[in-house]
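A short write-up of the structure that comes next.
What follows draws every value from the coordinates through simple rules; no lab data is involved. These figures come from a predicted structure and were not determined experimentally. Counting neighbours? That spans all protein chains shown, and the Cβs are built from the backbone with ideal geometry, glycine included.
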Amino acid sequence: MNEEKNTTEYLHSLKDISLSESSRARIEKELLAHAQFHPVREGVRVAAGSRSIRQVQGSTSLFGLRLTFMPLALLLAVFISGGVTFAAQGTVPGDALYPVKTEFNESVRSAFAIGANAETRLQTKLLAERLEEAGELQSENRLSGDIGVNMKTAVESQIESTASAATDADTATRVVATEAIINAVTTFNAMVENDTSLAIAVDALDVDTNTKTAISTSLASNPIDVAVLKNSTETRATALKNLLVTSSAEISTEVRTALEAKVDTALALVTDVSLEAEAEARTQITEASNLLGEVEAALTTMGTATIDTDTGTIIDIDFSTPPPAEPNRGDGETQNQNQSDTTTTTDVDVDGSVDTDIINVDADASLEATSGINL
Amino acid sequence: MAYVSRYMKQKEAEQQFLDAYHQFGDAIFRFCLVKVSNQELAEDITQETFIKYWQYLRDGKEITNTRSLLYTIANNAAKDWYKKKKAVSLDDRMEVGKEPIAVETPAEVQAAYNEVLDTISELEEGDREVLLLTHVEGLPPREIGEMLGESANTISVRLNRATKRLKKLLYV
């Protein structure tokens with residue numbers, strides 16, 4: 001017998017010794033936790049899949065510039081060519097240029113949005129863009145893991161920016177922004193419903209209490225939050241009241257007084273709404289909304305209405321061009337019957353941009369539909 | 001942007017870290033077990049070895065051979081343990097004595113492992129490690145020398161003597 005060979009074979013049995021499954025898993029978990037608690041230091045370059053890593057002195061650089069000069073370098077890139085920033089525009093989380101889009105391109109856009117309303121509208125648009133990105137990732141089955149977490153963070157951050165900008169905006173803009181936020185939370189959470197860890201938690205959002213309440217209520221029940229309804233109805237009533245005041249020359253005093261009385265009643269009802277008693281509040285708002293619907297119905301029989309496409313509010317009436325159909329104008333008594341649809345083309349939006357939408361206004365119902373508000 | 005870049009580096013480093021653990025975890029555990037003859041302790045030193053390896057990754061130190069580096073770290077960690085062991089009381093030392101391995105392993109296999117481990121435990125630590133690294137892990141004397149801070153020649157001589165001593169234990 002070859003003793004030498006047997007000696008080495010004797011040792012071979014040790015080859016099968018390995019960590020037990022439980023120990024292997026436990027150690028792996030602890031190692032990963034350690035790695036996450038002690039992350040890589042700045043300026044370390046890791047060569048994935050390689051057995052070799054090297055440290056880069058200074059830090060990651062662009063054109064040899066230190067990290068602190070990165071914004072300057074990016075600005076330079078814009079001057080040299082808009083290529084990078086343009087290329088970044090179509091990116092989603094996980095793409096190399098996505099940070100350029102969110103941290104640079106959008107900062108530039110924000111710098112050109114002068115005033116609280118413009119800034120809020122921009123942030124609302126950016127929120128819609130975040131949702132589009134999430135939708136794109138979802139359609140590619142990439143809305144999970146680290147990319148999913150990044151996307152969620154991006155949406156949350158954009159919600160916070162939108163809510164923050166909206167606090168200084170006027171009521172109409174704020175309502176639109178709030179609706180967009182509610183829509184963002186609902187839509188995103190619906191996209192990630194298979195992975196609850198990615199769902200946006202309302203409590204974790206750094207937004208004001210009203211917005212938080214609005215989102216929570218909206219998530220709890222499908223109808224739009226009562227606070228949002230209250231705001232939008234108030235906006236609608238105020239707009240109508242202003243319109244009546246400025247139209248004193250065109251509308252007979254008798255009719256105008258009757259219409260103003262309805263608006264005042266609606267305004268009183270909606271101002272009086274207590275958000276704590278939700279059911280009662282909704283009834284009250286519905287009542288106010290019906291009154292406003294009557295006024296709007298009456299007004300749209302007097303001329304061509306200009307409607308803010310964002311809020312669905314009548315912002316102007318051109319009395320010189322009466323609507324094609326609907327002869328019985330201005331008796332102030334056109335109650336809740338479906339008036340013939342008035343086609344309104346138009347119009348100048350609150351931010352001065354010209355909308356070319358053609359809206360069919362169904363006298364008392366479709367205004368709500370255009371604003372996306374369902375009672 | 002810096003944040004995202006750093007985040008990606010962290011993810012890459014974590015992946016490299018786990019890959020190394022999956023690839024070399026068992027070998028390092030065997031090495032530690034042969035050196036300290038106690039399963040629980042060998043697991044602890046294995047974990048400590050990889051934690052020190054992470055330190056290299058996070059600092060971005062140049063690593064040309066992950067396996068060699070891991071054995072070197074494990075060897076030093078085991079040496080540290082021996083130093084500490086000298087300081088502990090007799091009672092503690094008895095508690096940290098030889099222990100059977102892997103409770104999840106079938107009894108007969110476990111018995112075979114323990115017999116071999118028991119036999120080689122009578123050899124010097126230097127003999128045990130060189131026998132394991134050569135005959136179990138299949139490493140050449142040059143690489144073993146690099147890991148343990150010795151010349152390839154020294155390792156070859158030590159291996160020759162260790163094999164003879166083991167043979168003597170088995171066949172006398």
For the stretch A:207-212, what does the Karplus curve 6.51 cos²θ - 1.76 cosθ + 1.60, with θ = phi - 60°, yield as ³J(HN,Hα) per residue in whole Hz, taken in order and with x for Gly and Pro? 10, 5, 4, 4, 5, 4
Can you check what the net charge comes to around B:ASP127, using other residues whose Cβ is under 14 Å from the Cβ of B:ASP127 (Lys, Arg +1; Asp, Glu -1)? +3
Which of the lysines could a cross-linker span from B:LYS52 if the Cα-Cα distance has to be under 27 Å and same-chain partners fewer than 8 positions apart are dropped? A:LYS15, A:LYS29, B:LYS9, B:LYS11, B:LYS35, B:LYS61, B:LYS79, B:LYS83, B:LYS84, B:LYS85, B:LYS86, B:LYS98
In the neighborhood of A:ASP206, defined by Cβ-to-Cβ distances under 12 Å, what is the net charge if each Lys or Arg adds +1 and each Asp or Glu adds -1? -3
Between A:THR321 and A:VAL245, how high is the FRET efficiency from 1/(1 + (r/R0)^6) when r is the Cβ-Cβ distance and R₀ = 25 Å? Nearest 0.05. 0.75
Inter-label distance for B:TYR171 and A:SER197, nm, one decimal - labels placed 7 Å from Cα along Cα-to-Cβ: 5.7 nm
Estimated FRET transfer efficiency (A:GLU280, A:VAL149; beta-carbon r; R0 45 Å; 0.05): 0.60
Per residue of B:10-19, what is the mean number of Cβ atoms on other protein chains within 10 angstrom of that residue's Cβ? 6
Quantify how strongly other chains surround peptide B:58-70 by giving the mean number of their Cβ atoms within 10 Å of each of its Cβ atoms. 4
R0 of 41 Å, Cβ-Cβ distance A:ASN6-A:LEU219: FRET efficiency to nearest 0.05: 0.05
For A:ILE314, A:ILE159, what ranking results if the residue with the fewest other Cβ atoms within 10 Å of its Cβ goes first? A:ILE314, A:ILE159
Phi-derived 3J(HN,Hα) across the stretch B:149-161 with the Karplus relation (6.51, -1.76, 1.60, θ = phi - 60°), rounded Hz, x for Gly and Pro, is x, 10, 7, 4, 5, 4, 5, 4, 5, 5, 5, 4, 5
For the residues A:VAL175, A:VAL149, what sequence is obtained by ranking on other C-beta atoms within 10 Å, fewest first? A:VAL149, A:VAL175
List every residue whose amide H lies under 5 Å from the amide H of A:THR304, counting only residues 5 or more places away in sequence or on a different chain, with H placed 1.01 Å from N in the peptide plane. A:ASP318, A:THR321
A:LEU267 neighbourhood, Cβ < 13 Å, K/R = +1, D/E = -1, net charge -1
The stretch B:115-172 versus the stretch A:137-190: alpha-carbon centroid distance in Å: 63 Å
Determine which lysines satisfy two conditions relative to A:LYS262: a Cα distance under 25 Å, and not lying fewer than 8 residues away in the same chain. A:LYS230, A:LYS241
In which sequence would B:LEU123, A:LEU244 go, from the one with the fewest C-beta neighbours within 10 Å to the one with the most? B:LEU123, A:LEU244
